[in-house]
Amino acid sequence: MEITHTSKVIMKLNIISGANSISYLAIIPASELEKWKEDSPDITYEFITHHAKSGTYTATLSPGTYYVLVGYADPIHETLAQGTEVIKAGYYVGIPIDMSNIVYAENVQATIDIREDLDITLGFLNENEFNVYQEGGTANFIAKYEKTESGTYSITNAPPGYKTILRPSFYYLILDNGYSWFTDKTVDYTVTADVVYPARIHLTIKVEETG
């Protein structure tokens, strides 16, 4: 954006879908672009607003060359899967969770309620590792809790994977009753996360010279 005279910049943001707000709307001098690309903390912003919702934003700029920056969508807290499964003694179930349309997900948690007040092994796998698990191989779990009781368990930032976020993919919640010889388990489950989706926005920029 080339500014030849001191000007008022009017930005009208309309978030069409995928988010309630975006992480930031900003303007930087062209000289700061490489710092922004490198995610440097030392960026000089001419204008920035965080968690920007649909609305009108204004800034006054001196002559120069500038870039308008639009951040990712802010996360939306969502329930990704919910239901009840009866897991037969000696068996497991893999509950598919389609997260192929996201940018990323964080703070992923699984809540289980075992109606018999017993325990079960809880795990979380991506699609490739679930195939390994089905075939009896050694799967790399994103999260795994052996013989766990009713409660809420972290999927991200949890052993053994300690992933901070989940990328787009199909995933599986594992409820494994394989160590039980005789007892079936009835499990109510819920998987939640803070999810960032690709957002559709419309941004119009109007420049009015003031000097």
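The values are calculated or read from the model by the stated rules, or taken from the named source; none is laboratory data. Everything numeric here is computed off the predicted structure, so don't read it as measured data. Quick reminder, even Gly has a Cβ in these numbers, built from the backbone with ideal geometry, and neighbours come from all protein chains shown. Protein only, heavy atoms only, side chains kept; ligands, DNA and RNA dropped before computing areas. Shrake-Rupley method; radii C 1.70, N 1.55, O 1.52, S 1.80 Å.
Six or more apart or on different chains, Cβ atoms under 6 Å: show the pairs whose first residue is in region 28-47 and over 14 Å from M1 (Cβ atoms) and whose second is of a type outside the set (D, E) and part of a helix (DSSP H, G or I).
I43/K35; I43/W36
Does region 6-40 hold any residues that are outside any strand (DSSP E or B), open to solvent by less than 80 Å² (accessible area, probe 1.4 Å) and not small (G, A, S), and which are they?
Taking region 6-40 first, the residues outside any strand (DSSP E or B) are 6, 18-21, 30-40.
Okay, now just the ones that are also open to solvent by less than 80 Å² (accessible area, probe 1.4 Å), so 6, 18-19, 21, 30, 32-33, 35, 40.
Selection gives T6, E32, L33, K35.
Got a number for residues in region 122-145 being closer than 14 Å to A158 by Cβ and not aliphatic (A, V, I, L, M)?
Residues of region 122-145 closer than 14 Å to A158 by Cβ: 122-125, 140-145.
Subset that is not aliphatic (A, V, I, L, M): 123-124, 140-141, 144-145.
Number satisfying all stated conditions: 6.
Open to solvent by 40 Å² or more (accessible area, probe 1.4 Å) and within 22 Å of Q134 (Cβ to Cβ): which single residue out of Y92, Y104 fits that description? Full working, then the answer.
Details: Y104 fails: within 22 Å of Q134 (Cβ to Cβ).
Criteria check complete, one pass: Y92.
Going through region 41-59 one residue at a time, which ones are surrounded by 13 or more Cβ atoms within 10 Å (Cβ to Cβ) and polar (S, T, N, Q)?
Correct list: T49, S54.
Exactly one condition in (1) in a strand (DSSP E or B); (2) closer than 30 Å to Q109 by Cβ; (3) not assigned by the TED database to the domain that holds Q109 is not met by G83; state its number.
Result: G83 fails condition (3) only.
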